[in-house]
Structure formats: structure tokens, C-alpha cells
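The values are calculated or read from the model by the stated rules, or taken from the named source; none is laboratory data. Every value quoted in this text rests on a predicted model; they were computed, and no experiment measured them. Heads up, the Cβs are rebuilt from the backbone with ideal geometry, glycines too, and the neighbour counts pull from every protein chain shown. The area values use the complete protein model at the heavy-atom level, side chains included, leaving out ligands, DNA and RNA. Shrake-Rupley method; radii C 1.70, N 1.55, O 1.52, S 1.80 Å.
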Amino acid sequence: MTSPPSGGQIPTALDQRIETAVGYGVEELRRHRAGGLLDASHAALADAHRELVAAERDVTFYRVRLARLASSELPVDQALFTRIHRTLDQLAQAAGVRDAKQTAAAAVLEPIEAAAPRQVPRQIATKDVAALLAIAQGAKLHEHLVTHRLAVATGTRTRITYAQLQRLEAMGLVERNRAHPVQAGQPVALTDAGRAALTMPRRAGPPGTTPVPLPPALTAVSRTRR
């Protein structure tokens, strides 16, 4: 295969989860792996993430190639259609490999997440409370078929980014039903702690600026897990 576009680290859908579980970023995880500083489970995670990055790079390569073909000044003829169809097939194959690598990496990550102490901030930002209210009325995580970007769709049309969802997950306030593929939509729901957070009294203030105390039950859980 032709070399993919050069650049920095290719982001993946698991980067934030990995950082939350291990306590540092994927670049540092890669450096620790190269230095032989990781135990067996974290070394396996680093290897699985490296393979996921390579697969994601292939997806990016074919997606860029397809965009260039579609926006080029090449004659619109059968030869162009043939190249576009061939690139579409290659993109689909690369996406399939990427999905398999992501599933494998997630399987390695889950035991590490389960063993990691959950670090929960003692307050919730108002914008996160708004996200919890929207999720309470129904929400799903979707992956865009072309860009592969992840975003949460809610019944109230409240905008919730994937990064914000990951933060709420790390705080133990929401959870996803991972039995459903993201292409079809993964249902997102509040946990007991998330529902308790919405019952706490809140001070008035500009959106996104007023922090909200976490419910005592969640704070107690946080202390016991540390």
C-alpha cells in the first residue's frame, strides 16, 4: 500500500479512555512500552493501541485519496469511476480492519479500566449538568459513516461531544450499552450517580461557569475507590 500521509500521532476512539485508565496519554504509554517499563497488561494495551493506530492511518489514507479523486479536475469518465469504486472498496476493507483492531484493543483495555481507581472531581460544571439532562431524555452515540467522527445525538438536540461523553463516563455519571455498534447508535443512559447529581440544588449563574457539587453518595464512592 502507498505510504499514508505523514504527520503526528493518529487519534483513535480509545485515546481518552486509555488516558483515563492508565493516568497518562497514549504518547507516554508508547514511550514506556519502548523503554520496557510496562507490566504485561499495559504492554499488551500499548501493542493493541499501536495496531489500532496503524489501522486508523490506513482508513485516513484511503479517505483522503477518495476526497482527492472526487475533488480533482480529472475527466469524469469511466476510468475515474473505476478508481473511485476501487478506492471505496479499499476504504471499506480498511475500516473493517480498524473496527476489528478497536474491538481487540477495547477488550485489553477493559480489565485495566476495572482495576483503575476512579478519579472523580468534587464538582460538576453546569454544561455537564445540561448534558446529563439531555441524556436523561434519551441519547445515542453515533459514528459518522464517512468521517468516522463520534458524537452524541439527543432528543433535545443538545450538542454533546464525544470528549464530553468520555468525561461523564470517567466520572461515573453515564454509561453506554456497548452491545450495540456505534454505526447503528449506542444507547447512552444515566447511572445512579448521574441521576443523583441532577437532584442536587444548584446555584444560578452563566451557563458553563457555575460548578455543581457532586452528590454525597458519589463522593463517598470516589473516596472508597482511591
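Quick one: grab the alpha carbon gyration tensor of region 1-158, order the square roots of its eigenvalues as a ≥ b ≥ c, and give me rounded if a/c is under 1.5, else prolate or oblate depending on whether a/b is larger than b/c.
Working: a/c = 2.71, a/b = 1.36, b/c = 1.99.
In terms of gyration-tensor shape, oblate.
Can you work out ³J(HN,Hα) from phi for every residue in region 104-114, in order, using Karplus 6.51 cos²θ - 1.76 cosθ + 1.60 and θ = phi - 60°, giving whole Hz and x for Gly and Pro?
5, 5, 5, 5, 6, 6, 4, x, 5, 4, 5
Peptides 44-54, 98-108, 174-184, 71-81: what's the order by average Cβ count within 10 Å, highest mean first? Walk me through the numbers before you get to the answer.
On the way: 44-54: 19.7, 98-108: 17.8, 174-184: 14.0, 71-81: 9.5.
So the order, starting with the most tightly packed, is 44-54, 98-108, 174-184, 71-81.
Each label point is 7 Å from the Cα along the Cα-to-Cβ direction; what then is the distance between the points at ALA196 and ARG159, in nm?
Taking the two extended label points, one gets 3.3 nm.
Which whole-number value in Å² is the accessible area per residue of region 4-74, probe 1.4 Å?
53 Å²
Kirkwood hydrodynamic radius (Cα pairs, Å) of region 81-175?
15.9 Å
From the C-alpha gyration tensor of region 38-103, pull out the three semi-axes of the equivalent ellipsoid (sqrt of 5λ each), sorted largest to smallest, in whole Å.
In descending order the semi-axes read 34, 10, 5 Å.
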